[in-house]
Amino acid sequence: MKLEWILAFAVVAFTVAGCATQRPPEKEIMPAGIPAGVVDCSSSVVNSKSCVVRLNVTPKLPDSCEIDFVDPDADLVTFAKPPAGSPPLVIYWVITTSGYIFTKDGIAFVDNFRPRSFDDGFRQDAPDRNIFQWTNLHPKRRVNGYVISVRNAGSPITNTCEKDPWIRAR
């Protein structure tokens, strides 16, 4: 009887130890770019799928620039909560003007307090560093401000510019 308890304890101990030492699953590496079928974000309707915000950058002398949206109304983009069980929404920002790239923190939310509305934001480093993405977690209704930071690429004089638009979760 005593041997059965020792064996049972050993089995449980090894099982717990095995689970505790498992390596975390490796994060899936996404291909660079924007997946096929992702449409432009709309400012006139509530977005319910992943979408793209397109940006134009205009150089200003001597060492600055100006960011504009391809869709002038994209300074406030609204998202609906996705249905339960559907994948999270991903928002992509793309610089359409050649010669400009996102800074390392190219899209920074100024009020992404807990519970976080946005997660896993990063600049895609290949091929051109002109795409930035965030996952929209949509925990509750709120309006989030963010800052867009870009700079010119490959020039001895660095032009840096910023813009501060909004995202609304309904």
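Taken together, the values in this text are just the output of simple stated rules run on the coordinates, not laboratory data. Computed from a predicted structure; not experimentally measured. For neighbour counting, all protein chains shown are included, and Cβ atoms are generated from backbone atoms with ideal geometry for every residue, glycine included.
Read phi for every residue in the range 94-108 and hand back ³J(HN,Hα) as whole Hz from Karplus 6.51 cos²θ - 1.76 cosθ + 1.60, θ = phi - 60°, with x for Gly and Pro.
With the stated coefficients, the range 94-108 comes to 10, 8, 8, 8, 5, x, 10, 9, 6, 5, 4, 9, x, 10, 10 Hz.
Tabulate in residue order the Karplus-calculated ³J(HN,Hα) for the range 57-72, using 6.51 cos²θ - 1.76 cosθ + 1.60 with θ = phi - 60°, rounded to whole Hz; enter x for Gly and Pro.
With the stated coefficients, the range 57-72 comes to 10, 10, x, 10, 7, x, 9, 9, 7, 10, 9, 10, 8, 4, 8, x Hz.
Sequence-distant or interchain residues sharing an amide H contact under 5 Å with F79, placed H: which?
Counting only residues 5 or more places away or on other chains, the set is N47, R168, A169, R170.
With the radius of gyration and the Kirkwood radius both derived from the Cα set of the range 25-100, what is their ratio Rg to Rh?
Rg/Rh: 1.06.
Please list, ordered by chain and number, the residues whose modelled amide H lies under 5 Å from the amide H of Y100; skip anything fewer than 5 residues away on the same chain.
Counting only residues 5 or more places away or on other chains, the set is A153.
May I ask you to derive the relative contact order of the range 40-169, considering only C-alpha pairs under 8 Å and at least 6 residues apart, and to give it as an integer percent?
That works out to 27 percent.
Give me the net charge for the shell around C51: Cβ to Cβ below 12 angstrom, other residues only, Lys and Arg +1, Asp and Glu -1.
The answer is 0.
Using the Karplus equation 6.51 cos²θ - 1.76 cosθ + 1.60 (θ = phi - 60°), what ³J(HN,Hα) coupling, rounded to whole Hz, does each residue of the range 137-153 give in order, writing x for Gly and Pro?
Those phi angles translate into 7, 6, x, 6, 5, 5, 10, 10, x, 8, 10, 9, 10, 10, 8, 6, 10 Hz.
Would you mind checking which residues have amide H under 5 Å from F69's amide H? H placed 1.01 Å from N; only 5 or more apart, or other chain.
N56
Find the centroid of the Cα atoms in the range 30-99 and in the range 104-170, then give the distance between the two in whole Å.
Result: 10 Å between the Cα centres.
So what is the diffusion coefficient of the range 40-169 in µm² per second by Stokes-Einstein at 20 °C and 1.002 mPa s, using a Kirkwood Rh over Cα pairs?
Here the translational diffusion coefficient equals 142 µm²/s.
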